[in-house]
Amino acid sequence: MKRIRFTLLIFSVTLLASTMLNARGVYQSREAFLEETFNGSVPKAEVIWLSGEIKQHASEILHHKPNFLRVRYWALGSKSAWVLNEIGKEQPITVGIVIENKKIKHLRVLEFRESRGDEVRHPFFTKQFLDVQLEKENQLSKNIDGITGATLSVRALKSLATLALYLDSKRKLKAQ
Amino acid sequence: MLNLKTLTAAIFISSPALVSANEADLQKQIDELKQQINATAEMVENSSAKSTSGNRTTIGGYGELHYNNWTGENGAKSKKELDFHRFVLFFGHEFNDSIRFFSEVELEHSIAGEGQNGEVELEQAYVEFDLSQNHRAKGGLFLVPVGILNETHEPPTFYGVERNPVEKNIVPTTWWEAGLAFSGEFAKGWSYDLGLTSGLDIQDGNIRGGRQKVSKANAEHLMGVGRIKWTGISGLEIAATATYQDGYEQVTAGSNKTAQLFETHVAWTTGPFGLRALYATWNLQDATNGRDQQTGYYVEPAYRINDQLGLFVRYNSWDNQAGDSNIDSEKIQYDAGINYWPHPNVVIKADYQKQEMPGDKNQNGFNLGLGYQF
């Protein structure tokens with residue numbers, strides 16, 4: 001037991017010495033995500049208001065009433081970028097989603113603040129969303145395998161991917 | 001007449017300019033209105049965000065109502081019972097972006113108090129500090145990082161009305177201790193937990209009864225716990241936990257018997273298929289009546305028909321006196337059932353259990369359950 005205590009002590013000191021208290025969870029800023037998506041020429045933000053049918057569908061996708069009135073997005077021709085938030089268990093998870101020709105081309109967790117379930121930010125999980133599109137009744141075209149112990153985070157990401165695809169289908173296309 | 005003609009002509013000539021001026025005014029007004037609407041929306045959204053997460057205090061919870069209908073054989077008890085098994089509330093608070101508090105308070109079996117069936121338990125109450133993006137430390141009372149259900153046991157997340165008997169009787173779920181722990185990720189998909197906590201107070205080899213629940217817990221002998229987990233492929237989790245405690249009887253002198261637990265599990269989902277399998281074994285030094293070795297495992301394949309419906313079967317085997325092969329103590333239970341999720345956070349469950357217990361003291365029958373989380 002003494003050995004365990006000693007090991008833990010050494011481990012604690014090493015960790016504390018090598019790191020200052022740091023906010024975890026910010027993996028990419030919204031600005032950096034947009035810059036990357038549009039190669040430095042970020043178009044002006046546009047807005048979709050959640051009202052009528054759109055609000056009803058958004059509620060069905062999220063399984064609760066959305067706590068926002070509108071969604072900002074950035075679009076250039078058939079490509080659009082969305083930065084959306086959804087609470088996993090307690091804290092909002094911020095996700096950036098790029099859609100091109102009605103298919104997800106990139107999905108990245110920008111901020112994660114839950115105490116568990118942060119495995120969803122890894123490419124091994126997010127790459128499952130590549131080329132996923134919307135099927136009838138707002139279902140994703142592909143099954144997304146979950147992560148044990150991260151059920152709520154997985155669900156949040158699936159909901160946001162579905163919502164982004166749905167909202168993309170409702171946006172007005174502008175000439176590139 | 002001339003005046004009227006002149007006026008008419010003047011209006012006719014100047015009307016495009018007037019219309020143009022009106023259009024410009026109208027557009028200006030529309031733009032101003034847009035700005036006002038956006039400003040209002042922003043205020044409403046900010047206010048909504050503050051009322052939910054902005055104030056940094058969160059609540060959540062889960063609960064489960066069970067109905068058991070078992071027929072006892074060879075002296076085993078029959079049971080027809082309705083029980084609100086667990087009513088749990090979570091309270092959390094973020095002090096700032098890197099320090100947070102989390103707690104879980106549970107009322108078991110509806111009523112607590114002297115002579116009642118239930119109890120009120122504090123199962124989690126800890127403060128967690130972010131040391132860096134990938135490393136955290138926490139102090140307080142927390143769930144021991146072991147098994148599949150010990151840390152994640154909200155009813156919609158698992159199959160079966162009752163928690164599986166292996167994690168209940170061997171692990172022993174739900175198991176919490178107080179102390180200090182570190183957790184984090186040291187490579188992509190690889191995570192660790194390492195802790196020094198209060199320990200069990202095991203008498204007569206009774207592991208489940210040895211949980212002190214951090215209620216004036218005897219801390220003469222502490223416990224070390226470590227877990228390593230790999231989640232490098234989507235849908236797959238492989239983990240192993242080891243605990244070590246000397247002096248599991250918590251006596252001050254004369255005894256320094258050690259207790260060691262080794263647990264490993266795999267949880268895998270791919271498409272509609274799911275599989276959970278867990279193995280756990282205890283070594284209790286010098287425990288008598290075969291209780292020096294206590295071992296169990298289960299295998300649980302599952303099939304998700306759609307988002308709302310899932311089927312499972314489970315084979316459970318556990319033995320709390322595995323150290324003596326002369327004692328008929330191996331227990332086996334087969335489960336098969338269905339989960340129906342009318343909402344992702346609400347579940348209705350039904351299952352059938354068949355036991356092969358020592359002396360054929362079986363409790364066979366079915367269970368129904370309603371669970372929720374928020």
message: Rounded, prolate or oblate for the range A:24-170? Axes are the square roots of the Cα gyration tensor eigenvalues, ordered a ≥ b ≥ c, and the cut-off for rounded is a/c under 1.5.
response: rounded
Distance (nanometres) between label positions extended 7 Å along Cα→Cβ at residue B:122 and residue A:136: 5.5 nm
message: As an exercise, find the ratio Rg/Rh for chain B from alpha-carbon atoms, using the Kirkwood inverse-distance average for Rh.
response: 1.24
statement: the range B:94-121 and the range B:211-252 have their Cα centres apart by a whole-number Å value of 21 Å
task: Could you list, in their original order, any pairs among A:44/A:105; A:55/B:138; A:89/B:257; A:103/B:229; A:55/A:142; B:79/B:331 whose Cα atoms are separated by more than 30 Å?
output: A:55/B:138; A:89/B:257; A:103/B:229
- request: Give me the number: length gained by fully extending residue B:334 to residue B:275, i.e. 0.36 nm times residue separation minus the C-alpha to C-alpha distance, one decimal in nm.
  value: 19.7 nm
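When a/c is below 1.5 the answer is rounded, else prolate if a/b is larger than b/c, else oblate, so apply that to the protein assembly as shown with a ≥ b ≥ c taken from the square roots of the Cα gyration tensor eigenvalues.
Prolate shape, in that a/c is at least 1.5 and a/b is the bigger ratio.
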field: Efficiency of FRET between residue B:26 and residue A:78 - r from beta-carbon atoms, R0 41 angstrom, step 0.05
entry: 0.80
message: Give the average, rounded to an integer, of partner chain Cβ atoms located within 10 angstrom of each Cβ in B:223-234.
response: 4
field: Modelled FRET efficiency - R0 56 Å, residue B:252 with residue A:59, Cβ distances, 0.05 increments
entry: 0.40
query: Expressed as a rounded percentage, what relative contact order does the range A:61-176 have, with Cα pairs under 8 Å and six or more residues apart?
result: 28 percent
Full-stretch length increase - residue B:242, residue B:180 - with 0.36 nm per residue and alpha-carbon distance subtracted: 20.7 nm
- line: Per residue of A:140-150, other chain Cβ atoms within 10 Å number on average 6
message: Neighbour counts of other C-beta atoms within 10 Å: give me B:175, B:282 arranged from fewest to most.
response: B:175, B:282
message: If each DSSP helix of 4+ residues adds -39,500 (n - 2.57) and the sum is divided by the residues in chain B, what number results at 222 nm, nearest 500 deg cm²/dmol?
response: -5000 deg cm²/dmol
statement: Computed ³J(HN,Hα) along the range B:183-197: with the Karplus parameters 6.51/-1.76/1.60, θ = phi - 60°, integer Hz and x for glycine or proline, the list is 8, x, 10, 10, 7, 4, x, 9, 10, 9, 9, 9, x, 10, 9
statement: Checking B:36, B:353, B:363 against a Gaussian network model of chain B (alpha-carbon springs below 10 Å), the top fluctuating residue turns out to be B:36
Label point distance in nm, residue B:190-residue B:354, each placed 7 Å from Cα along Cα→Cβ: 4.4 nm
message: Using a 10 Å cut-off around each Cβ of peptide B:93-100, what is the average number of partner chain Cβ atoms that fall inside?
response: 3
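Coordinate-derived values only; no laboratory data. Remember, predicted model here, so these are calculated numbers, not experimental data. Counting neighbours? That spans all protein chains shown, and the Cβs are built from the backbone with ideal geometry, glycine included.
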